[in-house]
Amino acid sequence: MLQLDTRLSISLSRASELKDTIQDYLKIKDHIPTGFTTFEQFLQQKERILTAFQASEHNWQDWKWQISNRITTAEQLAQFIPLSEKKIADLNTIGKRFRWAISPYYLAVMDWNNPDDPVRLQAIPQIQELQDEKGELDPMGEEYSSPAPGITRRYPDRLIINVTNQCAMYCRHCQRRRNIGTIDRHLALDQLEQALDYIRKNPEIRDVLITGGDALLLSDSRLDWLLTELDRIPHVEIKRIGTRALVTLPQRITPELAAILEKHPPIYINTQFNHPREVTPEAKQAIDRLIKAGVVLGNQAVLLRGINDNPHVMKKLNQELLKVRIRPYYIFHPKKVLGTAHFSVPITTGIKIIDQLRGQTSGLAVPQYIVNAPGGLGKIPVSPDYAKVIAKDHAILRTWENKLIKIEF
C-alpha cells in the first residue's frame, strides 16, 4: 500500500485536475441570467404592466385575470416593448396565420430591451414563421393515432387525453400549433366521456397523460371530476399532467388546485422550462405548493436555437431546476412543425450538450435526449458514443473525460 503522503499527493493532484475541467463553466455561470438574478427587473416591469392595465396585486395573483388580459396585438405589445413599424406590421401579418398570446406574467419575465432575449424569442412571433416551407402541421401523426375523441395513443400501456387547446402563452415552437385556432376551447364533456370509456375498455392502459394545450387551464371542478373518473378505473395506476403554467402562469397553482391534486395520488406533472431566466421566485412559490400536495415534478425542455442550444446554459437551467426540486427528465429535439424551422438545431448539438453535462454535473441534472420519430412512432433516446468496442469477453468504454477503459467480462 502506498504511503499516506503519497496517497494524499495523488488525491490532491486529481482534485486539481478535476477543478481545471470546470473552469470554463465557472467563468460564465454567473453571467447566465436566471429568474432570481433578474427579479428586480421583473418587479419593475410588473409595475408598469399593472399601471397600464389599471390593475392591482390582487388582480396579478388571479390566474383568470392573467388569462383575460393576455397581450394579443402588436399595438398592446408596443406599450411595453420598443417595436419598429416593420415589426408591428410583421406581427399583424403573422397573427393572421399563427395565433399568439402572452400572459402579463410572462411578459414581465422577459427582457424588454433585448430582441434576442431567450424568453422573448419563445413568446413574440418572428417573420421566419411565415418563411418555413419544410415544416409540417402534424409531424407526429397525431391525427392518425386517435382511436377515440381527444385520445392520442402511441404506446402499448399509456396514452394521452388532449383536453384543451388553451394556453396562457402560445409558444412559438409549439408542436400542436395546428390546434390553437382562433378561439380557446376545451374538449366537450361528451367527448371526455368517450375518451374515458375507451380507457375503461382497454385494461392494458396503466398510465394516462392529461395535456392539451395546457391541462391546468381546465376549471378546478372539471379537473377534479376527470381525476376522480380516472381513479375509478382499476387498471389506471398513475396520472400525469402536461402543463407550462409553472413557466407562463404560476398564479394558476392556487391552494384550491393544490388541494384537488392532493386528493388524487399518484400525480406526476411534467412542465417545460427552457431557460434559467424562467425559474423565478413566483414559479418557485407555485412549485413549493405542488410539492407540498404530493405532486412529483419533472421537466421536459425543448432544445431550441438561440435559447438553450449551449451546454453552459443547459447546465445552468438543470441546476436551477434541481434547486427548486424539479427533476430534469427530457431534452426534446425540436420537431419539424410548420413555422418553427428557425428554432431547429442539428442532432449533434443535443449529443454534444449531453456529453458535456455527463460527469460535469450531478447525474440528476443530466436528462435524456429524445428525438421523436416522425409519424407517431415514438421517442428515440440519443446518447453520446460511450461504448467503443463490445467483444465477447471485454468492452472498451469511453469515460466522460474521453479516457478509454477496458472492462473484462
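The values are calculated or read from the model by the stated rules, or taken from the named source; none is laboratory data. Values in this document were obtained by computation on a predicted structure and should not be read as measured data. Positions of Cβ are backbone-derived with ideal geometry, glycine not excepted, and every protein chain shown enters the neighbour counts.
Taken as a whole, the stretch 250-260 holds no residue that is closer than 30 Å to Q126 by Cβ, part of a loop (DSSP other than H, G, I, E, B) and in contact (Cβ under 8 Å) with a residue 40 or more places away in the chain. None of L83, L91, L137, L77 is surrounded by fewer than 16 Cβ atoms within 10 Å (Cβ to Cβ) and not assigned by TED's automatic domain parsing to the domain that holds V279 except L137. Residue pairs whose Cβ atoms lie under 7 Å apart, separated by 6 or more positions or on different chains, with the first residue in the stretch 79-107 and more than 27 Å from K64 (Cβ to Cβ) and the second small (G, A, S) and not in a helix (DSSP H, G or I), are I88/A78. Evaluation of F98 against the conditions (1) modelled with pLDDT of 95 or more; (2) crowded, with 17+ Cβ neighbours inside 10 Å shows that the sole unmet condition is (1). Residues of the stretch 345-357 include none that is touching a helix residue (DSSP H, G or I) at 6+ places or on another chain (Cβ under 8 Å), part of a loop (DSSP other than H, G, I, E, B) and not hydroxyl-bearing (S, T, Y).
Every residue, every condition in (1) assigned to a loop (DSSP other than H, G, I, E, B); (2) closer than 25 Å to H333 by Cβ; (3) in contact (Cβ under 8 Å) with a residue 40 or more places away in the chain; (4) not small (G, A, S), yes or no:
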position	(1), (2), (3), (4)
R154	yes, yes, yes, yes
H173	yes, yes, yes, yes
A195	no, no, yes, no
I233	yes, no, no, yes
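In the set (1) polar (S, T, N, Q); (2) closer than 26 Å to P147 by Cα; (3) surrounded by 24 or more Cβ atoms within 10 Å (Cβ to Cβ), N270 fails one condition alone, (3).
Would you call E17 under 30 Å from K323 (Cα atoms), at pLDDT below 95 and not aromatic (F, W, Y)? Can you show your working first?
Values: under 30 Å from K323 (Cα atoms): yes; at pLDDT below 95: yes; not aromatic (F, W, Y): yes.
Judged against the criteria, E17 is a match.
For the stretch 284-337, a residue qualifies if it is in a strand (DSSP E or B), under 16 Å from the mean Cα position of the chain (by Cα) and not polar (S, T, N, Q), and the qualifying residues are V296, L297, G298, A301, V302, R327, P328, Y329, Y330, I331, F332.
Of the helices (runs of 4 or more DSSP H) lying entirely inside the stretch 65-114, those carrying at least 3 residues that are out of contact with any Leu (no Cβ under 7 Å at 6 or more places or on another chain) are 85-95, 104-109. Scanning the stretch 380-396 for residues that are within 28 Å of L317 (Cβ to Cβ), touching a Phe, Trp or Tyr at 6+ places or on another chain (Cβ under 8 Å) and surrounded by fewer than 15 Cβ atoms within 10 Å (Cβ to Cβ) yields P381, S383.
Anything in the stretch 25-42 that is of a type outside the set (G, A, S) and touching a residue at least 12 places away in the same chain (Cβ under 8 Å)? List them, or say none. Hits for the stretch 25-42 are Y25, I28, K29, I32, P33, T34, F36, T38, F39, Q41, F42. Please state which one of A293, A283 is within 14 Å of V247 (Cα to Cα) and not acidic (D, E). After applying the criteria, what remains is A283.
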